[in-house]
């Protein structure tokens with residue numbers, strides 16, 4: 001959530017910043033409600049001053065034994081009190097409108113974020129690895145996984161419908177190995193603390209990291225309960241610091257969490273309907289950092305590097321893209337996407353998104369810390385996929401496929417597979 005004081009002091013700068021990401025700020029609505037709020041604030045203060053004055057005069061008259069005169073003032077004070085109560089109620093209503101309005105406004109992009117309309121205008125920052133050249137016709141992960149007898153979409157459809165998958169045997173084991181490898185790397189090499197979290201969160205928690213009002217259709221709601229299935233473990237993990245005031249010496253906080261993720265994929269009709277690229281349920285290892293505001297830009301680069309390390313260890317070619325203003329998420333001030341090479345698509349596809357939200361989420365959650373001078377400040381929050389487990393499995397199947405239908409297990413994962421170095425095709 002943006003700082004309302006910034007809107008009050010420098011509205012034009014905010015409007016211009018939001019315009020960079022193609023968002024049309026309703027300046028007229030804001031000014032109308034803000035003007036009314038100021039009027040009500042002034043009236044509240046005036047009525048309260050009158051009430052206080054009458055209370056003093058009433059006390060003085062009673063002290064003099066002038067009860068009749070005092071009673072007249074009491075009646076007048078009661079009338080003013082009723083006006084004050086009405087004014088306070090209207091003020092609360094207007095303030096609520098402003099707060100609700102503010103919670104639907106996206107974050108302002110950092111100055112270095114390139115301006116653009118969509119993904120076509122994202123900027124490549126770097127590229128790692130060289131896509132492998134195959135001397136046979138490559139298959140996509142669906143045909144590879146089916147041939148290995150480990151990827152079963154038909155059973156998944158029978159169980160749950162479209163956009164689900166069932167993994168079997170060594171395919172399921174490889175999926176688990178990928179997650180364990182990621183967790184070990186992030187906790188043992190990158191300094192994250194592993195956490196396990198609920199797979200459901202309240203509406204307050206959901207609205208703390210994004211706008212529930214705007215993105216409710218993307219979530220799965222638990223019928224009859226104030227709970228939503230998490231679209232990513234960012235939702236519960238970032239809320240660890242909601243309504244908290246941390247000590248500056250405890251920063252940064254770094255968490256790694258493996259969880260399933262549940263997304264309705266609203267608006268994605270017809271996109272990636274084949275295979276595991278876009279599903280209602282998938283696993284992800286999320287990395288989250290809670291940092292001092294002066295450290296968030298540096299922490300962002302570090303976090304991206306941690307996600308890239310996974311791809312390098314798995315020897316999967318990828319590129320790092322700086323998202324333009326038109327392709328950024330609602331809460332983000334700056335985002336890098338990591339895109340892994342998929343031979344069957346002859347294209348790079350997103351496998352991780354790493355964002356710096358600055359104080360945007362912290363303001364929604366009232367997540368603060370005491371700085372070295374003892375002053376309370378808002379924290380900065382960051383997160384990224386480290387990585388999406390299912391998409392990593394897809395990338396391994398396609399990049400490590402062999403002509404005979406088998407798949408070589410990346411060297412880094414062999415210990416997690418109990419020494420299994422190859423997934424053999426079903427004869």
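Remarks
- Helices (runs of 4 or more DSSP H) contained entirely in segment 81-193, each with at least 2 residues that are surrounded by 15 or more Cβ atoms within 10 Å (Cβ to Cβ) and touching a residue at least 40 places away in the same chain (Cβ under 8 Å): 141-147, 169-188
- Residues satisfying the stated conditions in segment 345-370, i.e. under 28 Å from residue 392 (Cβ atoms) and in contact with a strand residue (DSSP E or B) (Cβ under 6 Å, 6 or more places away or on another chain): 348, 349, 350, 351, 352, 353, 354, 355, 356, 357, 361
So that you can scan it fast, the table gives a plain yes or no per residue for (1) closer than 23 Å to residue 106 by Cα; (2) out of contact with any helix residue (DSSP H, G or I) (no Cβ under 8 Å at 6 or more places or on another chain):
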residue: 190; (1), (2): no, no
residue: 198; (1), (2): no, no
residue: 204; (1), (2): yes, yes
residue: 208; (1), (2): yes, no
residue: 219; (1), (2): yes, no
residue: 225; (1), (2): no, yes
residue: 236; (1), (2): yes, no
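- In segment 307-322, the residues that are buried (at least 22 other Cβ atoms within 10 Å of the Cβ) reach residues that are in a helix (DSSP H, G or I) with C-beta atoms within less than 6 angstrom, at least six apart or across chains, in these pairs: 310/182; 314/412; 316/395; 316/399; 318/311.
- In segment 404-423, the residues that are touching a helix residue (DSSP H, G or I) at 6+ places or on another chain (Cβ under 9 Å), surrounded by fewer than 15 Cβ atoms within 10 Å (Cβ to Cβ) and assigned to a loop (DSSP other than H, G, I, E, B): 418, 421
- Some residue of segment 353-360 being surrounded by fewer than 24 Cβ atoms within 10 Å (Cβ to Cβ) and farther than 24 Å from residue 117 by Cβ: yes
- With respect to the conditions (1) under 15 Å from the mean Cα position of the chain (by Cα); (2) at pLDDT 95 or above, residue 258 lacks only one, and its number is (1).
- Condition check for residue 376: crowded, with 24+ Cβ neighbours inside 10 Å, over 30 Å from residue 403 (Cβ atoms) and touching a residue at least 24 places away in the same chain (Cβ under 8 Å): no
- Residue check for residue 110: touching a strand residue (DSSP E or B) at 6+ places or on another chain (Cβ under 6 Å), within 28 Å of residue 233 (Cβ to Cβ) and not assigned by TED's automatic domain parsing to the domain that holds residue 286: yes
The values are calculated or read from the model by the stated rules, or taken from the named source; none is laboratory data. All values reported here derive from a predicted model rather than from experimental measurement. In this analysis, Cβ positions are derived from the backbone assuming ideal geometry, glycine residues included, and neighbour counts consider all displayed protein chains.
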